[in-house]
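Take a look at the structure below.
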Amino acid sequence: MHTSSRPSPHCWPKIRGDFISLIQAHIKRLFTPTLPAFGLIEILIALVVVGFFLRNSVGELFGGVDDARIKSAISQYTTIRGAVIQFVETFDALPGNFSEADQVFGQDSPVGRGDGHISGAGLDAPHKSEAAAFWLHLSQAKMLSLPDIIAPDRPLRPNIHMPDSSFQYAAFSVKERPFGWKGVWLVLGAVNGSDTDGGAFTPLQAKKFLKISGLRAPQSGNTRIANGRGLDTCLSHKDRLNFRSGERACTVYFRLWGG
């Protein structure tokens, strides 16, 4: 009598279990490192090294972005200053202070006093403030392109009704004789009421503005640094940048005209 070589059905569970065990053993060998395991000290050293490189890489990345924004802001200043010079040469008046603006640009254009000075708050409505009408006159003269149209009877919106500063937390405005400095100045800082003279930059960022502008002293030249309104941690008592502070306490000023 011929005897079947097929295993008994009772053997299948054991065979299946052996097969699974064999597969698991191969998978374990495949993913188990052959090198000896690292000790705790080696792991800590590796983490410190990786953290060091990550910190430097991230710092360089954000530092590069910061530099690009600062250069963009300085470029905007150069463009605005060029537009002011062109306006004065064309109309013999400062934008915002132009007494014949309604005759040249239309009845809705704010009329300035024509005395060679710019008054008012930087973000007020152009009909109330020459500093706000400054942007409207340059736009109406087609000497400066702005992100959006200005309504003469409404307050200005930061980075919308003047060139974009490229900083989310800072905007441009115009002010005459800040801190007694002669001339008309472009202010770059945090919005503070109807002005932009609030602290927006750290002392280290402020230093970059000076460096890119080819300057060193924060209180001389056509680019200057000052404490944001109500703050005192940007500059030391000797009018030097206070690098011990990481607070956004600095405001940047660019001379536009006069002085």
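The table for this structure:
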{"quantity": "Pairs with Cβ under 9 Å, 6+ apart, first in the stretch 99-123 and without any contact (Cβ under 8 Å) to a residue 40 or more places away in the chain, second in a loop (DSSP other than H, G, I, E, B) and basic (K, R)", "calculated": "S99/R113; G120/K128"}
{"quantity": "Count of the stretch 118-175 residues which are of a type outside the set (A, V, I, L, M, F, W, C), out of contact with any His (no Cβ under 6 Å at 6 or more places or on another chain) and more than 19 Å from Q76 (Cα to Cα)", "calculated": "10"}
{"quantity": "Test: residue in the stretch 173-183 that is under 12 Å from A226 (Cα atoms), acidic (D, E) and at pLDDT 95 or above", "calculated": "no"}
{"quantity": "Condition met for S109 (surrounded by 15 or more Cβ atoms within 10 Å (Cβ to Cβ), more than 31 Å from the chain's Cα centre (by Cα) and of a type in the set (S, T, Y))", "calculated": "yes"}
{"quantity": "Single residue of the stretch 195-228 satisfying the filter (farther than 16 Å from V184 by Cα and more than 19 Å from the chain's Cα centre (by Cα)) that is surrounded by the most Cβ atoms within 10 Å (Cβ to Cβ)", "calculated": "P218"}
{"quantity": "Check on L235, crowded, with 18+ Cβ neighbours inside 10 Å and within 16 Å of Q76 (Cβ to Cβ)", "calculated": "no"}
{"quantity": "Residue satisfying condition, being of a type in the set (V, I, T), surrounded by 14 or more Cβ atoms within 10 Å (Cβ to Cβ) and touching a Pro at 6+ places or on another chain (Cβ under 6 Å), within set V184, V174, V191", "calculated": "V191"}
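The values are calculated or read from the model by the stated rules, or taken from the named source; none is laboratory data. Model, not experiment: these values are computed from the prediction. FYI the Cβ positions are ideal-geometry reconstructions off the backbone, even for glycines, and counts take in every protein chain you see.
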